[in-house]
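Novice: Handing you a structure now.
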Amino acid sequence: KTLFKMTEHAFRSKRVMRRNRLCSAAIYFYFTTVLISKTAALLQQQQQQSIYETASTTRRRSAPYRSRMGTSLAQSAASSSVLDNDFDRTGCTARQFSLGYDISLTRFAGSMGFDEVIDWDYFTNPYDAADELDRDIVEPPPFDPTKPKRTKSSSGSVVRLFLGEFQGALASKLRAQGMDSRVLVKEFVGEAAQEIAKNEFKSIARMQSMLVEDMEITDALNGEWAANGAGRYLQGKTEGSTREDDASVVSFYKLLAQKKAPFVGIIGALNLAEYDEDDMIDPNEWYRFLGVKPPVPGSIWIVYEYAGLNTINGYLEPATIRRANIPMSKGIFGMPVAPPSLPVWSERANYVVKGIMKGSLEALAYIHDKGIAHRSLGRSSILISSVGMDKAEAFSPYTTIISRLLMKFSDFGFSGDIFESSNDESFCSRARGFGIDVRPGQSSVAASNFAFAEDLHALGFVFLALLLSSLAEVPSPEYRLPPLDEDSLQRLLGEIFKKNFDEFQEYCREEESWDRVVELLDKDDGAGWQLLQSMCFARERASELQGSFQLVTAQALLANPIFN
């Protein structure tokens, strides 16, 4: 640590002491030589330790280089004492990329906030913890504005999204293998957002490790990926080369592509030490080049694979309107040329149902099989990506080739272990709201079933909006469909139709724009309606199954005839 500080001082001196360049260069060369020799001995000793010891040792040694503005995600996660070797076989917990040397930020992509949504029930009898499940709910709900059925409150925390690219040798190796060198970088600002970052990191690291085990990747299983990732930042600073970890990152990218992982993978964390420690950098450069304010002190930066930015939320519009919004191109003589005609409705419906919907349900079945509950599924957390370099290809209203489609889940900040759901007091409260007796800290079949059901419920409302919007046949681009936002659909099914799905079906039949959607859902004795009902009311079904060993699962719903 002392040698490093002296070297950095000498380096700064070399820039300032214009008149004594030879002296500064000699000082810098001497201390760098000593530092490299000491580091080589440390690295050799490091390779003889276990994976976890290697990672933690490197994190302790890397502390002087950690940016005050870019807290190491690995250190934050490690401090929670939840990670072990089995949780991080890919090395993403300890891998730190250097801003500039490893990754450059190309543009600001936007920001996200977090809302807490609470559904309220009102009771006639007072609260008694012992008899909570026997309380009488007020029906119908009161229309008193001071007693709302649903409320939303903002967390105040923000996540900023940046697009970036790998640089140097790593970028060259990825391109040589025909892989994408672009990355998505998120900055988690605020205390609540940082807790979300740690949670997201933990769940994704766990699924990535299971992916390694499924494919029996020897280098990862014997700890090489983790060791290489832990030493990356130190080797880059001292040796100017990260060849070993570059190979690990390339292999990890191959694994994600080969298995078509249904989640957005984490590659590592971004360390802003160079930015923080370089006195020559003007903070206004962030404004000039990216159009946003500089990094927030204490924020956490995570580096993800690039899977595009298109979500189901952007697909929730009739194809006719999406086509009308495409800018006209110019012909040979400069005359405007209208966009081509859309594919026939049956092909687009097949793509939506057997591509987007089935792919999303398969992704949910996958993460549930790995023991993870998402807990915040929504239209903006499901990416419509592609297996090719053009990640927007599968999002086009003209695309109907399912083999090019890749559905990925993102935003695992509220996710957790399904079998530890009862440790969350708010989860227990939600379960008791459906008459399911889940006690804090006590795992049970009923608790796991409700954890499955919450994700299915959320995805069911996404499917409902997807079908009624993207496949609607509107008479003109100016036509406006009935409201299909999540709050409107929840209110429609829960408050207006009192969870009577037959009445909701009749409501859909009255809208002419949905005639072909209704016809599709009516096939095979209403298989499509049965799927939607099973998902939207999965929590109620979980309540009915109490005391049995039956489960409400995404895997079982994939057998629905609508997907055949």
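The values are calculated or read from the model by the stated rules, or taken from the named source; none is laboratory data. What you see is a predicted model; the values in this text were computed from it and never measured. Methodologically, a virtual Cβ is constructed for each residue, glycine included, from the backbone with ideal geometry; neighbour enumeration extends over all protein chains shown. To get the accessible areas, we keep the full protein, side chains included, count just its heavy atoms, and leave off ligands, DNA and RNA. Shrake-Rupley method; radii C 1.70, N 1.55, O 1.52, S 1.80 Å.
Novice: Arranged from highest to lowest average of other beta-carbon atoms within 10 Å per residue, in what order do the peptides 95-102, 162-169 appear?
Specialist: On the way: 95-102: 24.0, 162-169: 18.5.
The peptides rank, most packed first, as 95-102, 162-169.
Novice: So which of Lys259/Lys354; Lys293/Lys391; Lys370/Lys498; Lys173/Lys260; Lys408/Lys523; Lys202/Lys370 end up more than 23 Å apart, counting from Cα to Cα?
Specialist: From the list (Lys259/Lys354; Lys293/Lys391; Lys370/Lys498; Lys173/Lys260; Lys408/Lys523; Lys202/Lys370), the Cα-Cα distance tops 23 Å for Lys293/Lys391; Lys370/Lys498; Lys408/Lys523.
Novice: How much length is gained if the chain between Asp279 and Lys354 is pulled fully straight, taking 0.36 nm per residue apart and subtracting their Cα-Cα distance, in nm to one decimal?
Specialist: 21.5 nm
Novice: In nanometres, what is the gap between the two model label sites at Glu495 and Arg288, each 7 Å from Cα along Cα-to-Cβ?
Specialist: Distance between label points: 5.2 nm.
Novice: Can you pull the percent of region 311-416's accessible area that's carbon plus sulfur, 1.4 Å probe, other chains left in place?
Specialist: Of the solvent-accessible surface of region 311-416, carbon and sulfur hold 58 percent.
Novice: Per residue, how much accessible area does region 452-564 have with a 1.4 Å probe, in Å²?
Specialist: The answer is 47 Å² per residue.
Novice: With a 1.4 Å probe and every protein chain kept in, tell me what percent of the accessible surface of region 487-556 is carbon plus sulfur.
Specialist: Numbers: 1600 of 3770 Å².
Carbon and sulfur atoms account for 42 percent of the accessible area of region 487-556.
Novice: Quick check: at a probe of 1.4 Å, how many percent of the accessible area of region 216-298 sits on carbon and sulfur atoms?
Specialist: Whole-percent figure for carbon plus sulfur exposure: 49.
Novice: Then there is this: Leaving out ligands and nucleic acids, note down the accessible area per residue over region 188-347 with a 1.4 angstrom probe, in whole Å².
Specialist: Spelled out: the 1.4 Å probe surface of region 188-347, per residue, equals 44 Å².
Novice: Arranged from highest to lowest average of other beta-carbon atoms within 10 Å per residue, in what order do the peptides 360-371, 323-334 appear?
Specialist: Details: 360-371: 20.4, 323-334: 9.4.
Top of the packing list down: 360-371, 323-334.
Novice: Then there's this: Once you have a ≥ b ≥ c as the square roots of the Cα gyration tensor eigenvalues for region 456-501, tell me rounded if a/c is under 1.5, and otherwise prolate or oblate according to whether a/b is larger than b/c. Mind showing how you got there, number by number?
Specialist: Numbers: a/c = 2.62, a/b = 1.70, b/c = 1.54.
Prolate is the answer for region 456-501, as a/c is 1.5 or above and a/b outweighs b/c.
Novice: While we're looking at this one, here's another question. Any idea how far the Cα center of region 365-390 sits from the one of region 267-285, in Å?
Specialist: Centre-to-centre distance over Cα atoms comes out at 32 Å.
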